[in-house]
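Remarks on the structure that follows.
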Amino acid sequence: MTKTSTGPGPGHPSPTRYRWGGVLLVLAALYFVGEALAAAGWQGRPYAWTSDAISLFGVPEVQDWTPQPAFSSRHLLMNLTFIGTGLRLAVAAVLLAPFAPRRGRRTVVTLALVNGLGLVVVGCFPTGMVPLRGALHGLGAVAVFYGGTLLLIAASINLWRARRGLALLAGGLAALAVIGLVGMLVVPPLFGITERMSVYAPLVWQAVAGVVLLGAGQRARPMATSR
């Protein structure tokens, strides 16, 4: 008797790989939980959601550069949230790469890795009063802001034929992220809002994309051969 294989054929990525990639995308939502919990540990002067940076939640020292000092008692949680979010995105991108349309695939994966690496750097080197640490944090933040925005643009183009709904969502969120980038530069008093527009947009898209991909199941496998 001839044994029949039920697994993926040669050249076809594993369904398990697809499922884990989708799960990791959905887990982007955990970032918001981490930031909310870190915010709950803020002490001292009131945190200004309109103007204060997210990174202040990760500063390990007392922030005494304002008239009323402040301290983030859960700075470790915030920094681990940054690191975990970046690693999660990087692994998800590698797992799901074979399922994406070939055209533009490398660009999407590269930008996802840039965005993920930026988050890891931001978490490993909190902003604050140490000059070198602050400089490295700034480099990581640039990778987060611009890498995430460009990732949305690239994903919108890459998925246009295979997943029109996700492509449109990526495009819309990319526009929101661009507005956030411009706002950070031209409206400093609203930095807390505009920064979050840029940071949150890729995370929202990832979570929604994960839900869609998991719901679609292996119907997504033909995406790997789409042009």
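Some observations on this one:
- Extreme residue, nearest to Arg164 (Cα to Cα), among residues of region 106-121 that are buried (at least 19 other Cβ atoms within 10 Å of the Cβ) and over 12 Å from the mean Cα position of the chain (by Cα): Val108
- Some residue of region 163-171 being touching a residue at least 40 places away in the same chain (Cβ under 8 Å), more than 13 Å from the chain's Cα centre (by Cα) and buried (at least 22 other Cβ atoms within 10 Å of the Cβ): yes
- Subset of region 56-78 [in contact with a helix residue (DSSP H, G or I) (Cβ under 8 Å, 6 or more places away or on another chain) and surrounded by fewer than 24 Cβ atoms within 10 Å (Cβ to Cβ)]: Val59, Pro60, Gln63, Ala70, Arg74, His75, Leu77
- So Ala36, is it surrounded by 15 or more Cβ atoms within 10 Å (Cβ to Cβ) and either modelled with pLDDT of 90 or more or of a type in the set (S, T, N, Q) (or both): no
- Test: residue in region 95-105 that is in a helix (DSSP H, G or I) and among the aromatic types (Phe, Trp, Tyr): yes
- Among (1) farther than 21 Å from Gly22 by Cβ; (2) of a type outside the set (Gly, Ala, Ser); (3) part of a loop (DSSP other than H, G, I, E, B), the one test that Arg161 misses: (1)
- Yes/no for Gly148 being crowded, with 23+ Cβ neighbours inside 10 Å, within 21 Å of Leu95 (Cα to Cα) and out of contact with any Cys (no Cβ under 8 Å at 6 or more places or on another chain): yes
- Any chance Ala92 is surrounded by 23 or more Cβ atoms within 10 Å (Cβ to Cβ) and in contact (Cβ under 8 Å) with a residue 60 or more places away in the chain: yes
The values are calculated or read from the model by the stated rules, or taken from the named source; none is laboratory data. All values derive from a computational prediction rather than experimental measurement. Note that we place each Cβ from the backbone using ideal geometry, even for glycine, and neighbour counts take in every protein chain shown.
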